[in-house]
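Below: the structure, in structure tokens.
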């Protein structure tokens, strides 16, 4: 099923007979105060890929590992508009009681070509104010916001 979604995303995102498809690992960066239980990236036709869960970012780590794969046309000439859907995990107190429920969110992002030569990563950055940014990179980036070590989820 994932392969079908990835191929569908590629077809929708290319629109060019000279497409040079590339598979990029999806990595999440979580600058919010809540764990991200899951996120997906979809094109305007609804074809997409799953990005996994994302812990809180630290000063040196984005919080999420790489999942496979977003397929993208490395020769894209036009901006690519994508919808990011994510779920902020519930927060529990020390007794295991839910003090903040799960919250579903959505945002649109635009990727502007040209993309770097030999890209490897598709990054999704979740900010405290609720906005999201995406980037295609050659190497995994450092977190964009300096955050304290050992942060804990809060409601």
Next item on the list: Considering only residues that are closer than 21 Å to residue 116 by Cα and out of contact with any strand residue (DSSP E or B) (no Cβ under 9 Å at 6 or more places or on another chain), look in the range 40-98 and name the one that is modelled with the lowest pLDDT.
Entry: 75
Check: Can you find a residue in the range 114-126 that is surrounded by fewer than 16 Cβ atoms within 10 Å (Cβ to Cβ), under 12 Å from residue 24 (Cβ atoms), without any contact (Cβ under 8 Å) to a residue 60 or more places away in the chain and out of contact with any strand residue (DSSP E or B) (no Cβ under 8 Å at 6 or more places or on another chain)?
Finding: yes
Note to self: For the list (1) in contact with a strand residue (DSSP E or B) (Cβ under 8 Å, 6 or more places away or on another chain); (2) at pLDDT 75 or above, I need the number of the one condition that residue 19 fails.
What the structure shows: (2)
Checklist line | Matching residues, the range 135-155, being surrounded by 14 or more Cβ atoms within 10 Å (Cβ to Cβ) and closer than 20 Å to residue 33 by Cβ | finding: 143, 144, 147, 151, 153
Next item on the list: Scan the range 51-75 and report the pairs whose first residue is on the phi > 0 side of the Ramachandran plot and surrounded by 22 or more Cβ atoms within 10 Å (Cβ to Cβ) and whose second residue is outside any loop (DSSP other than H, G, I, E, B) and modelled with pLDDT of 80 or more, with Cβ atoms within less than 6 Å and a gap of 6+ or a chain change.
Entry: 63/30; 63/54
Check: Can you pull out the strands (runs of 3 or more DSSP E) entirely within the range 47-155 that have at least 1 residues that are touching a helix residue (DSSP H, G or I) at 6+ places or on another chain (Cβ under 8 Å)?
Finding: 48-54, 67-73, 80-88
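The values are calculated or read from the model by the stated rules, or taken from the named source; none is laboratory data. Worth saying up front: this structure is predicted, and the values here are computed from it rather than measured. As a convention, Cβ positions derive from the backbone with ideal geometry for all residues, glycine included, and neighbour counts pool all protein chains shown.
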